[in-house]
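What follows is a set of notes on a single structure, which appears directly below.
The values are calculated or read from the model by the stated rules, or taken from the named source; none is laboratory data. It should be emphasised that the depicted structure is a prediction, and the values quoted were computed from it without experimental measurement. Cβ sites come from the backbone with ideal geometry, for glycine too, and all protein chains shown count toward neighbours. Each accessible area value is taken on the protein alone, full model and side chains, heavy atoms only, with ligands, DNA and RNA left out. Shrake-Rupley method; radii C 1.70, N 1.55, O 1.52, S 1.80 Å.
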Amino acid sequence: MLLLPVPGGGLVNWSPSGPPLPGPPGAPPASRIAYAAVHVVADALADEPGAVDWDTTLAFREHLWACGLGVAEAMDTAQRGMGLDWATTKELVTRTGAIAAGRRWCAGVGTDQLPAGPATPASIVDAWREQLDLVGGAGAVPVVMASRALAAAAKGPDDYHAAYGKLLSEASGPVLLHWLGEQFDPALAGYWGHHDVRAAARELAKLCAEHAGTIAGVKVSVLDAEVETEFRRTLPDGVACYTGDDFHYPELIAGDDQGHSEALLGIFDPIAPVAAAGLRRLDDGDRAGFHALLDATVPLAREIFRAPTRHYKTGVVFLAYLNGHQEHFRMLAGSESARTITHLATLLRLADSAGVLADPDLAVARMRPLLQAAGVA
């Protein structure tokens, strides 16, 4: 039993009581494409704040593949632009490609190698092109990420169409696009040339129609299920919608009589065995079983991704620590300090209720020193 702090002050008695963690299903699900956007493990003993523990980082990718999920590498969850620099990103993509061995994975294509300050449209496209070559050469499906540089430089929708159009017209194979909402990154406010989210969705749908032969899918991370569903229904044949909505993913993945979203989710990193088990239920036509497993994880996801949403990586790494996937709770650039001890205590309780603690006794043992450091006896 632990005494855990709660928001607003005070302590509550808690002991683990959640359902057992489902075992990994092994083979990937058949009815949905599912990627987990994956975190990196910091080297806690290195002098550099951006150093990566490569062995533990790659072992976690093996864990996701063993669960039956695809790996979404070098995405926002890996602290792109929040501790993971371009030089380390290149090494990360190369190392993951070396162990992928034909298993499903994709990787982020950004513009974060550009120097600070204003960028030209040509330099933005060149930066994307450099990363696209790296990711494609490593064997991953490229995911063209939203660019902070383009958000700062673009004057309106035409600038987005011009930049993306030039890149997509030159791409040698299919790519995914990533629409990351400003909740995840305030620097991306007004992306696609519109601050109204539905107007932005219409602009993106137009781009997809113009380049349907190159765009295989779009990851939508705007935390609005209605907007995503409306957008999904406007996509041309052959262009899939991948949900990045960590608030409403069960309903979006399950879908309706007009279609469904595939999955490319940061929340699938900490709940991988449960997510994979739920998807396997969906493969078997057991929608009730799918919802029973996945719906139970939503309160945990909503707490991990609560505002300011960009700090959700702290909760992801915290659960990897509790579940024994890494030996410490440290992050690149010291980002473990971005959330409070009451938030972490809430995550522990919700993870237990959702059945995502691999070993509750280990989780309790690992929580105790964090509480003690925060002054909770």
Next item on the list: Could you please give the count of residues in region 252-267 that are closer than 22 Å to E303 by Cα and outside any helix (DSSP H, G or I)?
Entry: 5
Checklist line | Subset of region 261-280 (residues that are under 23 Å from F184 (Cβ atoms), open to solvent by 10 Å² or more (accessible area, probe 1.4 Å) and either touching a helix residue (DSSP H, G or I) at 6+ places or on another chain (Cβ under 6 Å) or without any contact (Cβ under 8 Å) to a residue 60 or more places away in the chain (or both)) | finding: P270
Notebook entry, point to check: Any residue in region 112-130 that is under 21 Å from the mean Cα position of the chain (by Cα) and surrounded by 19 or more Cβ atoms within 10 Å (Cβ to Cβ)?
Noted result: yes
Notebook entry, point to check: Of G289, G334, which residue is loosely packed, with under 14 Cβ neighbours inside 10 Å, over 20 Å from Q183 (Cβ atoms) and not aliphatic (A, V, I, L, M)?
Noted result: G334
Item checked: Test set (1) modelled with pLDDT under 95; (2) open to solvent by 30 Å² or more (accessible area, probe 1.4 Å) - G50 fails condition number -> (2)
Next item on the list: Scan D295, D286 and give me the residue that is more than 20 Å from the chain's Cα centre (by Cα) and among the acidic types (D, E).
Entry: D286
Notebook entry, point to check: Any idea which residue in region 8-43 is farthest from S353 (Cα to Cα), counting only those that are in a loop (DSSP other than H, G, I, E, B) and at pLDDT 95 or above?
Noted result: D43
Check: Name the residues in region 56-79 that are buried (at least 24 other Cβ atoms within 10 Å of the Cβ) and of a type in the set (D, E, K, R), would you?
Finding: E73, D76
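A quick yes/no check of all residues on (1) within 25 Å of A34 (Cα to Cα); (2) not aliphatic (A, V, I, L, M):
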{"site": "G173", "(1), (2)": "yes, yes"}
{"site": "H178", "(1), (2)": "yes, yes"}
{"site": "A187", "(1), (2)": "no, no"}
{"site": "H194", "(1), (2)": "no, yes"}
{"site": "R198", "(1), (2)": "no, yes"}
{"site": "A201", "(1), (2)": "yes, no"}
{"site": "A216", "(1), (2)": "yes, no"}
{"site": "K219", "(1), (2)": "yes, yes"}
Notebook entry, point to check: Listed residues T94, T89; which is among the hydroxyl-bearing types (S, T, Y), assigned to a helix (DSSP H, G or I) and over 18 Å from the mean Cα position of the chain (by Cα)?
Noted result: T94
Check: List pairs: first in region 96-110 and without any contact (Cβ under 8 Å) to a residue 24 or more places away in the chain, second aliphatic (A, V, I, L, M) and buried (at least 18 other Cβ atoms within 10 Å of the Cβ), Cβ under 7 Å, 6+ apart or cross-chain?
Finding: none
Note to self: If V38 satisfies all but one of (1) open to solvent by 10 Å² or more (accessible area, probe 1.4 Å); (2) within 16 Å of K313 (Cβ to Cβ), what's the number of the condition it fails?
What the structure shows: (1)
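For every residue, the table says whether it meets (1) part of a loop (DSSP other than H, G, I, E, B); (2) more than 26 Å from P142 (Cβ to Cβ); (3) without any contact (Cβ under 8 Å) to a residue 40 or more places away in the chain.
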{"position": "L45", "(1), (2), (3)": "yes, yes, yes"}
{"position": "P49", "(1), (2), (3)": "yes, yes, no"}
{"position": "T57", "(1), (2), (3)": "no, no, yes"}
{"position": "F60", "(1), (2), (3)": "no, no, no"}
{"position": "H63", "(1), (2), (3)": "no, no, no"}
Notebook entry, point to check: Just to be sure, is G315 more than 17 Å from the chain's Cα centre (by Cα) and not basic (K, R)?
Noted result: no
